[in-house]
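Contents: one structure, followed by commentary.
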Amino acid sequence: MPLYEYRCLICDETFELLRRVEEADEEAVCPRCGSEQTERQLSLFSSSGSPSARGCSTGFRRGFT
Ligand SMILES: [Zn+2]
């Protein structure tokens, strides 16, 4: 299940949710203020996250089988 990052448009809180792909576009409720006015951040895969944090779950290891 992929991890999605959302940002609250009301209080500017950012939070992450593990959701199914088909649920990714549904509204996420802000854990801080309870607002549903949130937007999904799309930069998760290309920016944050060190290689050690990403682990071995990506396609990186496929070349080593
Ligand atoms: Zn909020």
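Note on region 1-22: residues that are over 12 Å from the mean Cα position of the chain (by Cα) and either free of Cβ contacts under 8 Å to residues at least 24 places away in the same chain or open to solvent by 70 Å² or more (accessible area, probe 1.4 Å) (or both) total 5. Residues of region 8-23 that are closer than 13 Å to Gly34 by Cα and more than 9 Å from the ligand (Cβ to nearest atom): Thr14 alone. Count of region 27-65 residues, restricted to those that are assigned to a loop (DSSP other than H, G, I, E, B) and either open to solvent by less than 100 Å² (accessible area, probe 1.4 Å) or modelled with pLDDT under 65 (or both), is 20.
The values are calculated or read from the model by the stated rules, or taken from the named source; none is laboratory data. On a predicted model such as this, the values are computed, not experimentally measured, just so you know. Don't worry about glycine lacking a Cβ; one is built from the backbone with ideal geometry, like all the others, and counts go over all protein chains shown. Note: accessible area is taken over every heavy atom of the protein model, side chains too, but ligands, DNA and RNA are not part of it. Shrake-Rupley method; radii C 1.70, N 1.55, O 1.52, S 1.80 Å.
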